[in-house]
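Below is one structure, written out as structure tokens; the observations come after it.
Computed from the coordinates by the stated procedures, all read-outs in this text should not be read as laboratory data. The structure presented is a predicted model; accordingly, all values stated were derived computationally and were not measured. Please note: Cβ atoms are built from the backbone with ideal geometry, for glycine as well, and neighbour counts cover all protein chains shown.
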Amino acid sequence: MPNSLYRLIASLLAASAVACNSTTETPADAGLDATATDLGVPCEADEICADDDPCTVEACREGHCVTERSPRAELVVGPAIPVAGGATAIALAENELYIAKGAEGLEIWDVALDPPMLRLARQREGEEGPVVALAVAGDRIVLGEEGAAVRALDRASGAPVGVAYHAGDDVRALSFEGGRVFVAAYAKGVEVLQPGDWSNPQRTARVDTPGRAVGLAREGSLIAVADGLGGLALIDLPEGGTPALRRDQTTATAGRVDSVALRGGQVLLAEQVAGLGLVTLAAGSPERQATFLLDGAVQAVALLDPHTGVAVGPGGVQVLDLLAPLQTTTWFAVEAPDAWAVHAQGLRFAVATAEAVQVMELKCPEAEEAVPDAGVP
């Protein structure tokens with residue numbers, strides 16, 4: 001594995017215990033706090049460069065402002081929440097963690113508490129099938145069931161709302177934003193629903209993709225689709241118009257794409273044993289920035305911000321520094337055997353393994369201001 005593409009660091013330098021078995025992870029390599037991007041605007045040696053991102057610092061280096069990693073960042077790892085039989089889907093929304101347990105129903109945990117507290121445990125009702133995908137927004141939980149059913153629950157009570165919608169093929173992933181539900185419907189591509197009050201949810205569009213839609217991520221008017229062996233597919237969502245596939249911008253990949261993340265024009269791809277792919281949309285069309293291998297197959301990915309990725313798989317959890325794509329490094333590493341799913345909200349993310357779910361959070365405190373020396377009276 002060539003060092004010119006990445007430096008894979010799997011051990012942590014230190015970890016300190018916090019209440020209820022939570023831990024704080026230190027960077028996998030303390031020397032990685034100065035991974036700089038290209039030279040920025042000119043500056044003077046004593047000038048302060050503006051920076052709104054708490055996880056980076058803008059420093060004046062050789063007469064130019066450059067972006068560097070904050071040396072004060074830490075990864076806080078919460079206690080494991082056991083899931084008998086394993087989770088089948090997870091989602092974070094505000095301070096709540098949603099865990100689908102297949103045929104066993106759904107659990108909602110308050111993760112603002114330490115330790116987390118179970119708020120609601122819901123069993124399947126009537127004709128409901130095992131849950132394989134979920135999304136949360138506003139006062140609704142949307143469930144994708146084994147097969148093709150998509151239904152809604154009241155977020156506060158867990159009670160069913162309205163009737164189910166039946167997709168054209170197996171539901172593999174969901175996104176619920178702006179009153180619309182986006183369904184990765186395997187061989188039928190991506191379906192767009194306008195559920196209203198769920199009394200009669202209607203499909204307003206279907207976009208066929210070259211492969212098999214197994215994952216999706218939406219940002220603004222764009223959907224990035226994990227299209228299996230079809231690679232990365234992009235779908236435009238014009239305001240008031242019909243969603244359309246960017247047919248000339250489908251991106252072939254080195255391996256089967258099972259998971260995709262989209263943030264700030266950056267796309268992160270899980271390409272199984274072929275590793276991790278980083279694609280930028282900065283120029284309007286997809287351009288591969290880098291491909292790099294990690295320990296074991298990459299099962300799922302997330303982006304905490306455009307320059308911070310998370311990859312999970314048999315090798316555990318790796319928080320990746322993407323500031324310099326050709327020098328991508330593992331910023332933090334956490335042991336999590338057989339990790340297979342990740343869902344992020346801001347700098348907080350949840351990881352599912354075969355037996356538990358853990359919530360982790362990247363904390364980037366602002367640098368302390370220097371106190372002027374008052375001198376000796």
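When the Cα convex hull of segment 106-165 is projected onto planes of every orientation, the mean area is 4.3 nm². Cα centroids of segment 291-344 and segment 88-159: 25 Å apart.
Summarised as an ellipsoid, segment 264-309 has semi-axes of 19, 12, 7 Å, derived from the eigenvalues of the Cα gyration tensor scaled by 5 and square-rooted, with the largest first.
Mind grabbing the base-10 log of I(q)/I(0) for segment 220-284 at q = 0.13, 0.19, 0.21 Å⁻¹? Debye formula, identical points on the C-alpha positions, no solvent, two decimal places. Taking Cα atoms of segment 220-284 as identical point scatterers yields -0.33, -0.68, -0.81. Of Trp109, Trp331, Trp340, the sequence from fewest to most neighbouring Cβ atoms within 10 angstrom is Trp340, Trp109, Trp331. Among the GluC sites (Glu not before Pro) in segment 238-327, those placed in a DSSP loop whose Cβ has at most 12 other Cβ atoms within 10 Å are Glu239.
Cβ crowding within 10 Å, taken as a proxy for footprinting-reagent exposure, orders Thr204, Thr329 from fewest neighbours to most as Thr204, Thr329. Here the residues Met360, Met117, ranked from fewest to most Cβ neighbours within 10 Å of their Cβ, fall in the order Met117, Met360.
When the Cα convex hull of segment 141-285 is projected onto planes of every orientation, the mean area is 8.8 nm². Dividing the C-alpha radius of gyration of segment 238-377 by 2.2 N^0.38 Å, with N its residue count, gives 1.29.
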